[in-house]
1. I'd like the residue in the stretch 57-75 that is out of contact with any Phe, Trp or Tyr (no Cβ under 6 Å at 6 or more places or on another chain) and outside any helix (DSSP H, G or I) and, out of all such residues, is farthest from Pro233 (Cα to Cα).
2. Please work out if Ala161 is open to solvent by less than 10 Å² (accessible area, probe 1.4 Å) and under 20 Å from Ala20 (Cβ atoms).
3. Filter the stretch 16-55 for residues that are touching a residue at least 40 places away in the same chain (Cβ under 8 Å) and within 16 Å of ligand 1 (Cβ to nearest atom); which is nearest to Cys150 (Cα to Cα)?
4. May I ask you to list pairs of residues, at least six apart or on different chains, whose Cβ atoms are under 6 Å apart, with the first in the stretch 306-335 being without any contact (Cβ under 8 Å) to a residue 40 or more places away in the chain and the second being open to solvent by 70 Å² or more (accessible area, probe 1.4 Å)?
5. Just one of Glu61, Glu69 is open to solvent by 10 Å² or more (accessible area, probe 1.4 Å), among the charged types (D, E, K, R), within 16 Å of ligand 1 (Cβ to nearest atom) and more than 15 Å from Leu192 (Cβ to Cβ); which is it?
6. Go over the candidates Leu290, Leu255, Leu270, Leu296 one by one and state the one that is buried (at least 18 other Cβ atoms within 10 Å of the Cβ), over 24 Å from the mean Cα position of the chain (by Cα) and not hydroxyl-bearing (Ser, Thr, Tyr).
7. Go through Ala80, Ala20 for me and flag whichever is assigned to a strand (DSSP E or B) and either at pLDDT below 90 or open to solvent by less than 40 Å² (accessible area, probe 1.4 Å) (or both).
8. For the stretch 34-55, does any single residue satisfy the condition of being within 14 Å of ligand 2 (Cβ to nearest atom) and within 24 Å of Tyr238 (Cα to Cα)?
Amino acid sequence: MNFYGGHWDLGPTWNYAVLADKPFLVDSGRYGQGGNLLKMMRAAGIKPEDLSFVLISHGHEDHDGGLAELVRMTDLKVRAHAIYDLIIRKYPKKAPPGYKEDFPAKCWHCEMPEEFFTRNCVEYHRVLQGLRVDSIADGTQEIETGIRTCHLPGHSPDCLATLIGDEAILVGDIVLPEISPWPTRVALYEDLSQVINPLYSDPEAIFGLHRYIMSLKKLYEIAEQYPDILVLPGHRLYYNDHWNRIELGERINELLQHHRDRCAAILEILRSGPKTAGEIAREHFDENLLKGYGMLMAANEVISHCELMIKCGDLVAIVGNRYRSTGSTSFEKAI
Ligand SMILES: [Zn+2]
Ligand SMILES: [Zn+2]
């Protein structure tokens with residue numbers, strides 16, 4: 001289970017063994033699950049020795065947590081987007097001052113409190129340090145005959161969707177059934193800039209809700225090209241006793257509408273005057289979603305939408321970390 005706070009449950013992570021000409025695995029489950037994954041594969045008749053590599057859909061712990069253990073037990077090669085290879089490393093001289101020196105670049109922006117990460121993250125990050133990663137470049141890449149990756153950042157800067165011929169597409173956390181994937185904030189680029197510059201010098205090319213929206217639109221083109229393609233998500237393919245079949249174009253339209261609705265709701269909340277992200281989150285989200293770390297997730301959601309609306313001219317940031325609406329609704333054209 002992936003409970004991060006309040007009632008924000010993603011459901012277990014789906015890892016896929018792709019039985020192509022060169023069989024490979026996509027993702028490796030949460031930290032501590034590498035060995036279990038091997039057992040499950042064996043039970044399903046898939047020999048890990050037959051796999052040629054493991055591909056990481058993106059660097060969130062629920063997708064690469066089991067990776068180091070898996071590689072130690074199998075010698076599998078690791079392939080992931082080029083940004084992943086950069087941000088899983090530690091850079092003590094470049095890290096923000098304080099305890100973050102001991103954590104890789106992908107964690108520098110994390111807002112989880114110390115009691116959370118000392119309990120959950122230290123060992124996970126330590127074991128990823130020695131990992132060799134074969135980097136996959138931006139855009140669309142044919143990584144094996146008939147297997148194409150597509151770099152679609154926004155949920156994280158290193159997100160890849162993987163097309164298996166014209167039969168299936170593995171979308172990681174870019175598109176999920178039932179729930180809307182968490183968008184990054186453009187502001188997260190700041191900490192990472194020293195590590196990923198000069199390769200990635202434009203924050204909005206890899207971070208933020210607007211980038212995520214553009215990635216969804218790119219994926220929509222693929223959906224139009226392959227209308228009957230089987231869509232395999234990183235969570236909730238099966239959840240609460242039912243299977244979710246995703247019709248890709250339809251689901252993308254629902255997600256785009258979800259973000260339009262959320263922008264409109266934030267502007268509505270701001271009609272009574274300027275507010276902080278926390279104040280907006282308390283008005284917008286159900287109380288259940290704000291419990292524990294849920295408040296951090298909710299504020300992140302609000303900030304990513306506010307960033308997009310500032311870019312569109314619908315909001316301005318004012319003193320005291322407040323947002324004020326300008327009266328326009330140009331976000332409707334941007335989403
Ligand atoms: Zn994720
Ligand atoms: Zn995930």
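The values are calculated or read from the model by the stated rules, or taken from the named source; none is laboratory data. Quantities reported herein were computed from a predicted structural model and do not represent experimental measurements. Backbone-built Cβ (ideal geometry, glycine too); neighbour counts: all protein chains shown. Accessible surface areas use protein heavy atoms only, side chains included; no ligands, DNA or RNA. Shrake-Rupley method; radii C 1.70, N 1.55, O 1.52, S 1.80 Å.
1. Once the filter is applied, the top-ranked residue is Asp75.
2. Working: open to solvent by less than 10 Å² (accessible area, probe 1.4 Å): yes; under 20 Å from Ala20 (Cβ atoms): yes.
Yes, satisfied.
3. Leu55
4. Listed pairs, sorted by first residue: Val316/Arg324.
5. Numbers: Glu69 fails: within 16 Å of ligand 1 (Cβ to nearest atom).
Going through Glu61, Glu69 in turn, just one is open to solvent by 10 Å² or more (accessible area, probe 1.4 Å), among the charged types (D, E, K, R), within 16 Å of ligand 1 (Cβ to nearest atom) and more than 15 Å from Leu192 (Cβ to Cβ): Glu61.
6. On the way: Leu290 fails: over 24 Å from the mean Cα position of the chain (by Cα); Leu255 fails: over 24 Å from the mean Cα position of the chain (by Cα); Leu296 fails: over 24 Å from the mean Cα position of the chain (by Cα).
So the residue among Leu290, Leu255, Leu270, Leu296 that is buried (at least 18 other Cβ atoms within 10 Å of the Cβ), over 24 Å from the mean Cα position of the chain (by Cα) and not hydroxyl-bearing (Ser, Thr, Tyr) is Leu270.
7. Working: Ala20 fails: assigned to a strand (DSSP E or B).
Being assigned to a strand (DSSP E or B) and either at pLDDT below 90 or open to solvent by less than 40 Å² (accessible area, probe 1.4 Å) (or both) holds for just one of Ala80, Ala20, which is Ala80.
8. Kept after step one, since they are within 14 Å of ligand 2 (Cβ to nearest atom), are these residues of the stretch 34-55: none.
No, every residue in the stretch 34-55 fails to be within 14 Å of ligand 2 (Cβ to nearest atom) and within 24 Å of Tyr238 (Cα to Cα).
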